[in-house]
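Data block below; observations after.
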Amino acid sequence: MIKPYIVGNWKMNLDAAEGTELAGKILHASIDYDSVDVGVAPAFPILYSVKQTVASSKGRLAVVAQNVSAEEKGAFTGESSISMLKSVGVTAVIIGHSERRQIFGETDQTINKKVRLTLSYGLNVILCVGETLFEREADSHFETVTAQVAKGLKDVPVDKIEQVTVAYEPVWAIGTGVNASPADAQAMHAKIREMLKSLYGPVMANKLRIIYGGSVKPDNAKGLMNQPDINGALVGGASLKSEDFLGIINFSK
Ligand code: PEP
């Protein structure tokens, strides 16, 4: 049984006061950390204050970054390096979110560079993949997503792969209120696991978490998370309210 992982992606929402208030509510909620891993991903400027807020959880409530520079150091105005993120207590990074791919033009090559850099610093990676509506309607979604997985994980060695969670996030489901059906999501997760088996062998692939993202809410979480290859959720909009986020965490058990 793979322990589920629920991560709240706050995107460019919540300032320091709002973010620390929400983190405090999650911290003080009753969460059975033996049966679920939980993370929150605030924007860069409040990573440190959120980390301080949840310090008493002793890392059980993980603080996750939404992005990282592909470069280690130097003249890259506006960027934040992996060592900077590590220095403020971040333990995982979301890489390749569709908003980064589509709005900021991140390629599979850049994403792969970020993945390898993050892993080399000992942090965990949440690698996001997902097809557009056009690709789904053209019936090329399996091909698109498995290619994103293979390219994102290129040259990631087997001794680092356990630090990786794959997040399947169909672009047409993100922020739209229309989630993938449990059956469609399961079909894609099974394909991703097949790809992971071909890259890392069945024993390793069966340990890896593949989480679903795209309009997850408390009322659809159970159906999604009951699927055999869905091992948690990456949650956007519904992670901004403690009641909704905690509702999803409770359904993941
Ligand atoms: C996301 O952006 O990662 C996401 C899944 O958003 P939402 O839950 O709002 O669809």
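If we scan region 9-29, do we find a residue that is closer than 22 Å to V125 by Cα, of a type in the set (F, W, Y) and without any contact (Cβ under 8 Å) to a residue 60 or more places away in the chain?
No, because not a single residue in region 9-29 is closer than 22 Å to V125 by Cα, of a type in the set (F, W, Y) and without any contact (Cβ under 8 Å) to a residue 60 or more places away in the chain.
For region 7-26, what are the residues that are open to solvent by less than 30 Å² (accessible area, probe 1.4 Å) and touching a Leu at 6+ places or on another chain (Cβ under 8 Å)?
Of region 7-26, the ones open to solvent by less than 30 Å² (accessible area, probe 1.4 Å) are 7-10, 19, 22-24, 26.
Once the filter is applied, which keeps residues that are open to solvent by less than 30 Å² (accessible area, probe 1.4 Å) and touching a Leu at 6+ places or on another chain (Cβ under 8 Å), region 7-26 yields V7, G8, N9, W10, L22, A23, I26.
Condition first: more than 16 Å from the ligand (Cβ to nearest atom) and in contact (Cβ under 8 Å) with a residue 24 or more places away in the chain. Can you find one or more residues in region 1-8 that meet it?
The first filter runs over region 1-8 and keeps only residues more than 16 Å from the ligand (Cβ to nearest atom), leaving 1-3.
Still in the list and also in contact (Cβ under 8 Å) with a residue 24 or more places away in the chain: 2-3.
Looking through region 1-8, at least one residue is more than 16 Å from the ligand (Cβ to nearest atom) and in contact (Cβ under 8 Å) with a residue 24 or more places away in the chain.
Regarding region 223-232, can at least one residue be identified that is within 16 Å of the ligand (Cβ to nearest atom) and surrounded by fewer than 20 Cβ atoms within 10 Å (Cβ to Cβ)?
Let us first name the residues in region 223-232 that are within 16 Å of the ligand (Cβ to nearest atom), namely 223-225, 230-232.
Narrowing further to those that are surrounded by fewer than 20 Cβ atoms within 10 Å (Cβ to Cβ): 223.
So far as region 223-232 goes, yes, one or more of its residues are within 16 Å of the ligand (Cβ to nearest atom) and surrounded by fewer than 20 Cβ atoms within 10 Å (Cβ to Cβ).
If the requirement is being open to solvent by 20 Å² or more (accessible area, probe 1.4 Å), more than 15 Å from the ligand (Cβ to nearest atom) and touching a strand residue (DSSP E or B) at 6+ places or on another chain (Cβ under 9 Å), which of these qualifies: S56, S80, S120? Even if it seems obvious, please write down each step before you answer.
Details: S56 fails: touching a strand residue (DSSP E or B) at 6+ places or on another chain (Cβ under 9 Å); S120 fails: touching a strand residue (DSSP E or B) at 6+ places or on another chain (Cβ under 9 Å).
Just a single option satisfies the conditions, and that option is S80.
Just checking, does region 155-166 include any residue being of a type in the set (A, V, I, L, M) and modelled with pLDDT under 95?
There is no residue in region 155-166 that is of a type in the set (A, V, I, L, M) and modelled with pLDDT under 95.
Checking V149 against (1) open to solvent by 10 Å² or more (accessible area, probe 1.4 Å); (2) away from the ligand (no atom under 16 Å from the Cβ): exactly one of these is not met. Which one?
Failed condition: (1).
Conditions first: (1) farther than 23 Å from L133 by Cα; (2) more than 15 Å from the ligand (Cβ to nearest atom). A92 passes all but one, so which condition is the exception?
Condition not satisfied by A92: (2).
Within 16 Å of the ligand (Cβ to nearest atom) and either closer than 16 Å to I230 by Cα or hydroxyl-bearing (S, T, Y) (or both): does that describe E169?
Values: within 16 Å of the ligand (Cβ to nearest atom): yes; either closer than 16 Å to I230 by Cα or hydroxyl-bearing (S, T, Y) (or both): yes.
Against the criterion (within 16 Å of the ligand (Cβ to nearest atom) and either closer than 16 Å to I230 by Cα or hydroxyl-bearing (S, T, Y) (or both)), E169 qualifies.
Mind listing whichever residues of region 127-141 are surrounded by fewer than 18 Cβ atoms within 10 Å (Cβ to Cβ) and either of a type in the set (A, V, I, L, M, F, W, C) or over 22 Å from G236 (Cα atoms) (or both)?
Taking region 127-141 first, the residues surrounded by fewer than 18 Cβ atoms within 10 Å (Cβ to Cβ) are 132-134, 137-140.
Passing the criteria: L133, F134, E137, A138, D139, S140.
Quick one: in region 176-208, of everything that is closer than 20 Å to K154 by Cβ and open to solvent by 50 Å² or more (accessible area, probe 1.4 Å), which residue is nearest to the ligand (Cβ to nearest atom)?
K191
Over 25 Å from F142 (Cα atoms), surrounded by fewer than 24 Cβ atoms within 10 Å (Cβ to Cβ) and away from the ligand (no atom under 11 Å from the Cβ), is that true of K241?
On the way: over 25 Å from F142 (Cα atoms): yes; surrounded by fewer than 24 Cβ atoms within 10 Å (Cβ to Cβ): yes; away from the ligand (no atom under 11 Å from the Cβ): yes.
Considered against the rule, which asks whether it is over 25 Å from F142 (Cα atoms), surrounded by fewer than 24 Cβ atoms within 10 Å (Cβ to Cβ) and away from the ligand (no atom under 11 Å from the Cβ), K241 comes out as yes.
In region 95-117, what residues are away from the ligand (no atom under 16 Å from the Cβ), open to solvent by 30 Å² or more (accessible area, probe 1.4 Å) and not charged (D, E, K, R)?
Correct list: G105, T107, Q109, T110.
Of these, K86, K113, K73, which one is of a type in the set (K, R) and in contact with a Gly (Cβ under 9 Å, 6 or more places away or on another chain)?
K86
The values are calculated or read from the model by the stated rules, or taken from the named source; none is laboratory data. Quantities reported herein were computed from a predicted structural model and do not represent experimental measurements. Glycine also receives a Cβ, built like all others from the backbone with ideal geometry; neighbour counts cover every protein chain displayed. Note: accessible area is taken over every heavy atom of the protein model, side chains too, but ligands, DNA and RNA are not part of it. Shrake-Rupley method; radii C 1.70, N 1.55, O 1.52, S 1.80 Å.
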